[in-house]
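Written below as structure tokens is the structure these notes are about.
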């Protein structure tokens with residue numbers, strides 16, 4: 001069978017995509033090369049070296065570990081706060097929950113400098129907190145929490161979570177049991193997507209962090225800005241390489257986890273002969289709950305016909 005001939009529109013779209021990819025990647029490649037050359041003003045002809053990477057590691061490794069630690073603690077905080085909040089808003093979709101959802105988005109809409117200034121005015125008088133990395137963590141949680149809530153809420157809104165809740169409750173499951181055995185397994189894709197955004201945004205956040213940091217609590221983006229501001233371009237470029245080496249493996253691992261979860265959901269959905277909904281990945285408790293709920297309705301219908 002002959003392959004279909006590509007249209008002119010296809011080649012134009014492909015060319016535009018390639019141009020955009022080059023436009024986005026060439027500056028990154030140039031920055032990486034600058035961090036590996038002996039002299040950035042001479043270029044590659046000056047030779048390649050790793051001494052700038054060694055110097056960055058010796059001078060700024062504390063900022064790297066601090067950024068990673070804050071990002072992971074921020075992820076834990078957004079999971080503890082964001083997932084239950086999204087669960088509550090998915091169950092009770094009314095005017096109040098919509099107002100709460102809009103209020104949660106304010107830190108994203110407001111510039112980071114304004115949010116940081118508000119935190120300084122509110123908590124800056126607490127000297128122990130002001131000079132601690134926890135102060136930066138508070139700002140990062142405020143900034144990244146909406147992304148976790150929105151990601152989980154989108155998944156919970158796509159499935160009939162209220163029916164699953166009622167069916168599990170009819171089997172005697174408590175609210176806590178329903179949350180861990182019904183809700184979490186069905187929204188794990190949203191949790192993974194939210195975690196991906198939270199970690200990357202926290203590691204790369206600069207505006208808010210620049211206002212909240214102190215000389216002892218510099219994070220990776222602040223150190224990167226300092227190195228460029230001092231006109232040490234090779235150091236700044238080497239810093240960028242280390243940033244990529246730190247964030248790209250995290251992105252790859254989280255993408256692999258997300259893909260594995262999607263494959264598991266498709267595997268569970270394939271044997272089904274009836275139309276599959278987003279609740280195909282239910283746990284045994286949720287599945288038995290739905291079956292019990294359906295059998296109960298069937299019994300009621302039979303009694304009604306008999307009467």
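Only one residue in 249, 215 is under 15 Å from residue 62 (Cβ atoms) and free of Cβ contacts under 8 Å to residues at least 12 places away in the same chain, so which one is that? 215 is the lone residue from the list that is under 15 Å from residue 62 (Cβ atoms) and free of Cβ contacts under 8 Å to residues at least 12 places away in the same chain.
Residue-level check: of (1) in contact (Cβ under 8 Å) with a residue 24 or more places away in the chain; (2) over 19 Å from residue 204 (Cβ atoms); (3) touching a helix residue (DSSP H, G or I) at 6+ places or on another chain (Cβ under 6 Å), residue 97 misses just (1).
Pairs meeting the criteria (first residue in segment 147-176 and in contact (Cβ under 8 Å) with a residue 12 or more places away in the chain, second residue assigned to a loop (DSSP other than H, G, I, E, B) and buried (at least 22 other Cβ atoms within 10 Å of the Cβ), beta carbons under 6 Å, at least 6 apart or on different chains) are 152/187; 155/187; 156/187. Residues satisfying the criterion are absent from segment 135-149 (criterion: surrounded by fewer than 15 Cβ atoms within 10 Å (Cβ to Cβ) and either under 22 Å from residue 199 (Cβ atoms) or at pLDDT 90 or above (or both)).
Is it the case that some residue within segment 113-131 is outside any helix (DSSP H, G or I) and either in contact (Cβ under 8 Å) with a residue 60 or more places away in the chain or within 24 Å of the chain's Cα centre (by Cα) (or both)? Yes, segment 113-131 contains a residue that is outside any helix (DSSP H, G or I) and either in contact (Cβ under 8 Å) with a residue 60 or more places away in the chain or within 24 Å of the chain's Cα centre (by Cα) (or both). Taking segment 40-59 on its own, how many of its residues are within 13 Å of residue 235 (Cβ to Cβ) and at pLDDT below 80? Selection size over segment 40-59: 2. Consider segment 222-234 and keep the residues that are part of a helix (DSSP H, G or I) and surrounded by fewer than 20 Cβ atoms within 10 Å (Cβ to Cβ). The one that is nearest to the chain's Cα centre (by Cα) is 225.
The number of residues in segment 86-107 that are part of a helix (DSSP H, G or I) and farther than 15 Å from residue 147 by Cα comes to 8. Would you call residue 273 at pLDDT below 80, within 30 Å of residue 185 (Cα to Cα) and over 26 Å from the mean Cα position of the chain (by Cα)? In short, yes. Applying the condition of being free of Cβ contacts under 8 Å to residues at least 60 places away in the same chain and in a helix (DSSP H, G or I) to segment 42-57 and asking which residue is nearest to residue 246 (Cα to Cα) yields 54. Quick one: is residue 250 at pLDDT 50 or above, in a helix (DSSP H, G or I), within 17 Å of the chain's Cα centre (by Cα) and surrounded by fewer than 18 Cβ atoms within 10 Å (Cβ to Cβ)? When the stated conditions are applied, residue 250 passes them.
Rundown of residues vs (1) modelled with pLDDT of 80 or more; (2) assigned to a helix (DSSP H, G or I); (3) exposed (fewer than 13 other Cβ atoms within 10 Å of the Cβ), yes/no style:
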site	(1), (2), (3)
198	yes, yes, no
236	no, yes, no
246	no, yes, no
263	no, yes, yes
285	no, yes, no
300	no, yes, yes
303	no, yes, yes
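The residues of segment 100-114 that are surrounded by fewer than 20 Cβ atoms within 10 Å (Cβ to Cβ), farther than 25 Å from residue 160 by Cβ and touching a helix residue (DSSP H, G or I) at 6+ places or on another chain (Cβ under 9 Å), listed by number, are 105, 106, 108, 110, 111, 113.
The values are calculated or read from the model by the stated rules, or taken from the named source; none is laboratory data. Here the structure is a predicted model, which is why all the values come from computation and not from measurement. For neighbour counting, all protein chains shown are included, and Cβ atoms are generated from backbone atoms with ideal geometry for every residue, glycine included.
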